[in-house]
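Worksheet: one structure, shown below.
The values are calculated or read from the model by the stated rules, or taken from the named source; none is laboratory data. Keep in mind the model is a prediction, meaning the values are calculated, not measured. Cβ coordinates were reconstructed from backbone atoms using ideal geometry, including for glycine residues, and neighbour counts include every protein chain displayed. Ligands, DNA and RNA are stripped out before the accessible areas are found, and what is left, the full protein with its side chains, is counted by its heavy atoms. Shrake-Rupley method; radii C 1.70, N 1.55, O 1.52, S 1.80 Å.
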Amino acid sequence: MSSEIPSIAEASRLIQSKALSPVTLAEQCLERIRTYDGKLNAFLLVCEKEALAQARQAEKDIAAGRSKGPLHGIPIAHKDIYSTKGIRTTAHSKILADHVPKEDATTVRKLAEAGTVMLGKLATHEFAMGGPSFDLPWPPARNPWNYDHVTGGSSSGTGAAIAAGMTLGGTGSDTGGSIRNPSAWCGVSGIKPTYGLCSRAGVFPLSYSLDHTGPMAWTVEDCALLLQAMAGHDPRDPASASVPIPDYHSLLRTDLKGVRVGLIRHFHEQDTKIDPEMQKSLDAALGVLRDLGATITDVRLPPLSQFAACCYIILLTEAFVVHSTEFKARFNDYCENFRDRAALAALLSGPDYLQAQRLRRQLTDEVRAATTGVDVLVTAALPGPAPTFAASNKWAMFKQPPLPMPCNVTGQPVTTVCTGFHSSGLPLAMQVIGHPFQDATTLAVAHAYQKATPWRAKRPVLKAT
Amino acid sequence: MSDPKLMDRAELEARFARAGLTLSKAQLDELHGVSGYLQQWVDIVNAPREMAAEPATIFAREPT
C-alpha cells in the first residue's frame, strides 16, 4: 500500500475475494501512521493492539464465510468527539484530557458492527470549534498537501489522515462546515448528511440543533458505503429521524442525464469573495456536469449573510450553554480560540436566540420554495485553498459569511468533492447540495463528477518523521 | 459586511459578569473589538417579521 493506497471500495473487493488480508491492510495503515504522523499530527491516539485484534477477527470471520459486508476489515478512525467505550475521548481538550467513556457513540457502534477496524482517535479543533490552536495538550493537524497550511476544521485529523492514506475513512461532525471544510482543504470527500439522518448520541455536542455527524473518505463511493452503516433512526438521539434508508451505493451513477442542477451564483459572485482560481475551477466543474447530461440554471436564495447571522447566533448560544458550568470554573483551561469565540454568546439575549430560530424557519422555507425546480444545488465549498497557519486568524471566520453555513441552518445534505488544484498545489472543492433526505442524490451527482475527472489520481507527497 | 459598530463597553462588561465569566482587561479589550460582528448578526435576526412566524425548534421533513 506504500505506493497505491486503495479506496474503501477497492480494498473491500480485495478483502472479500481474499486477495487482501485485513491484517495486512491494518498493518500498512499503522506503518504509515508511524512514518508520517509525527509531522502531520492527525492522530491523538493510535489503538494498534485493538486494531490488529479486530483485523485478525475480521480475517477469521471472512475466511469462515461470515462476512459482515463491504466495510468488513476496513480500517477507519474516529474524530475525538465520538465516544469510544474504554478508549480515551478528549475532544482535543485539556478539559477532557483523561476522559474514558463507558459507552460507544451510536455511530461508532454501528460502524464496528459493520466490521470496520478502528485505528484510533483523530485530532479536532477543541470541542469542534477552537482551532487551529497551539495552546492545547496536542498540536493541530497539518495539511498533508503543504504542512505550513491548515487542514480546515473542525474534523481536521480526519481530513489529514485520509488524504495521507493513514486511514481509509473516518468520522467527522459538521455544525458550520466542519466535515466540508477539511474535506475541501485536504482534497478528500465528505458528506454532511441531512440533519437527523445519522445519530448524534455519544458525540460531544457543540450546538444541539446544528450538529450533524457523517463520514469522510477519499472517494464519494466510500462515503456512500460509510453512510450506509452510520444512517438510521436512533432512539438515543431526540433529533433522529425515522425515515427509510436507501441503498446509497446502488444509487450512485456515472451519467447525469435528466439531472437539474441549480447554481447559487450569488453566493460566490456577490455575497462573498472567492479566489479567481476557485471560480475557474467551479466553472470547469459545471462544464463537466453539463457534459455528463445535467442542465444548469441559476437559483437565487436569501443572502449568505442571513444564513451566517442565523447560524452564528444559534451556534454560539448553544455552545455557551454546553460549556457554561466549566466556563465559570476553568475558562482559561480552554484554548484561546474556543473560549473567546464561545464567550461572545454572553453578549446575546434570549430573544436574540429565538429570533435566530425564527429566521431559521423562514430561511428554510425560502430555500425550499426557491429550489423546487432543481434536484441539487452547487456552490464553491470554500473561497479558495487552505491558508497558512501564520495567516490563520481567530476572527477571520466572522469577516466573510461562510459558504458552508446555509446547510447547517436548513439541515440539507451536502457532499463535498475535489474540483482540482490551485496553482499553489492545494486542493479546491465544490459543494453538491440536496433536498432534505435526498442524500443519495448528492452522492450520485458528486460521484458522477468524481468518476469523470482525474483528481483522485493525485495524492500528497508526505515527509517521513 | 460593512464596518461593524462596537457594543457599549460598560454594557459588554456587565453582560460578561452576569454570565459568571471573569475576564482580564486584555480579553475584554479583544472581545469588545469584535463585538460589532455580533451586533450585525443581531440586527439581521431581529428584522421585522409576522407575529405568527414560528421558530425552527425542530427540523420538519416535509412542510406542514
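Across segment A:445-465, the number of residues qualifying as of a type outside the set (S, T, Y), closer than 15 Å to A:V188 by Cβ, touching a residue at least 60 places away in the same chain (Cβ under 8 Å) and not in a loop (DSSP other than H, G, I, E, B) comes to 5.
Restricting segment B:1-31 to residues that are assigned to a loop (DSSP other than H, G, I, E, B) and of a type in the set (A, V, I, L, M) leaves a set whose member that is nearest to A:T317 (Cα to Cα) is B:A19.
Residue-by-condition table, conditions (1) at pLDDT 95 or above; (2) open to solvent by less than 60 Å² (accessible area, probe 1.4 Å); (3) of a type in the set (D, E, K, R):
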| site | (1), (2), (3) |
| --- | --- |
| A:H233 | yes, no, no |
| A:P238 | no, no, no |
| A:V243 | yes, yes, no |
| A:P246 | yes, yes, no |
| A:L252 | yes, yes, no |
| A:R265 | yes, no, yes |
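Cβ separations smaller than 8 Å between residues 6+ apart or across chains give the following pairs from segment A:140-155 residues that are within 14 Å of A:H125 (Cβ to Cβ) to residues that are open to solvent by 20 Å² or more (accessible area, probe 1.4 Å) and acidic (D, E): A:R142/A:D148.
Which condition does B:D43 not pass, out of (1) modelled with pLDDT of 95 or more; (2) facing chain A (nearest Cβ under 7 Å); (3) open to solvent by 80 Å² or more (accessible area, probe 1.4 Å), if it passes all the others? All conditions are met except number (2).
Residues in segment A:414-465 that are surrounded by fewer than 24 Cβ atoms within 10 Å (Cβ to Cβ) and touching a His at 6+ places or on another chain (Cβ under 8 Å) were compared, and the one that is nearest to the other protein chains (Cβ to nearest Cβ) is A:T441. For the residues A:T175, A:T151, A:T158, the requirement of being within 20 Å of A:Q28 (Cβ to Cβ) and buried (at least 24 other Cβ atoms within 10 Å of the Cβ) singles out A:T158.
Under the condition of being surrounded by fewer than 18 Cβ atoms within 10 Å (Cβ to Cβ), farther than 21 Å from A:H323 by Cα and within 7 Å of chain A (Cβ to nearest Cβ), the residues counted in segment B:17-40 number 0. If you go through segment A:132-142 and keep only what is touching a helix residue (DSSP H, G or I) at 6+ places or on another chain (Cβ under 6 Å) and under 28 Å from A:V461 (Cβ atoms), you end up with A:S133, A:A141, A:R142.
So which residues in segment A:59-82 are under 18 Å from A:G172 (Cα atoms) and either of a type in the set (D, E) or in contact with a helix residue (DSSP H, G or I) (Cβ under 7 Å, 6 or more places away or on another chain) (or both), if there are any at all? Scanning segment A:59-82 gives A:L71, A:I74, A:P75, A:I76, A:A77, A:H78, A:K79, A:D80, A:Y82. What's the total number of residues in segment A:398-413 that are surrounded by fewer than 24 Cβ atoms within 10 Å (Cβ to Cβ) and touching a Ser or Thr at 6+ places or on another chain (Cβ under 6 Å)? The number of residues fulfilling the criteria is 2. When the criteria are applied in full, A:N408 fails the requirement of being without any contact (Cβ under 8 Å) to a residue 12 or more places away in the chain and within 12 Å of another protein chain (Cβ to nearest Cβ). Between A:A429, A:A440, A:A381, the distinction of being within 24 Å of A:G232 (Cβ to Cβ), of a type in the set (G, A, S) and within 18 Å of the chain's Cα centre (by Cα) belongs to A:A440 only. Just one of the listed residues (A:D148, A:D174) is over 11 Å from A:K79 (Cα atoms), acidic (D, E) and in contact with a Phe, Trp or Tyr (Cβ under 9 Å, 6 or more places away or on another chain), namely A:D148.
Yes/no per residue for (1) facing another protein chain (nearest Cβ under 7 Å); (2) in contact with a helix residue (DSSP H, G or I) (Cβ under 6 Å, 6 or more places away or on another chain):
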{"residue": "A:F327", "(1), (2)": "yes, no"}
{"residue": "A:N337", "(1), (2)": "no, no"}
{"residue": "A:S349", "(1), (2)": "no, no"}
{"residue": "A:T364", "(1), (2)": "yes, yes"}
{"residue": "A:A369", "(1), (2)": "no, no"}
{"residue": "A:L377", "(1), (2)": "no, no"}
{"residue": "A:S392", "(1), (2)": "no, no"}
{"residue": "A:K399", "(1), (2)": "no, no"}
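With respect to A:D298, determine if the residue is over 29 Å from B:Q39 (Cα atoms), surrounded by fewer than 18 Cβ atoms within 10 Å (Cβ to Cβ) and of a type outside the set (A, V, I, L, M). Criteria met by A:D298. Would you mind finding the one in A:I87, A:I62, A:I81, A:I33 that is under 24 Å from A:P460 (Cβ atoms) and at pLDDT 95 or above? One residue alone meets the criteria, A:I33. When each of A:P101, A:P22 is tested for being over 19 Å from the mean Cα position of the chain (by Cα), crowded, with 24+ Cβ neighbours inside 10 Å and over 30 Å from A:N146 (Cβ atoms), the lone residue that passes is A:P22. Residues in segment A:360-378 that are of a type in the set (A, V, I, L, M, F, W, C) and crowded, with 16+ Cβ neighbours inside 10 Å: A:L363, A:V367, A:A370, A:V374, A:V376, A:L377, A:V378. For segment A:333-386, filtering for residues that are assigned to a helix (DSSP H, G or I), among the hydroxyl-bearing types (S, T, Y) and under 30 Å from A:L96 (Cα atoms) leaves 1. Any residue at all in segment A:287-297 that is in contact with an Asp or Glu (Cβ under 7 Å, 6 or more places away or on another chain), of a type in the set (A, V, I, L, M) and farther than 24 Å from A:H125 by Cα? Checking segment A:287-297: at least one residue is in contact with an Asp or Glu (Cβ under 7 Å, 6 or more places away or on another chain), of a type in the set (A, V, I, L, M) and farther than 24 Å from A:H125 by Cα.
The listed residues are A:A342, A:A381, A:A308, A:A319, and the only one of them that is buried (at least 21 other Cβ atoms within 10 Å of the Cβ), facing another protein chain (nearest Cβ under 8 Å), hydrophobic (A, V, I, L, M, F, W, C) and under 25 Å from A:H125 (Cα atoms) turns out to be A:A308. Only a single criterion out of (1) more than 9 Å from chain B (Cβ to nearest Cβ); (2) aliphatic (A, V, I, L, M); (3) under 23 Å from the mean Cα position of the chain (by Cα) is not satisfied by A:L301, namely (3).
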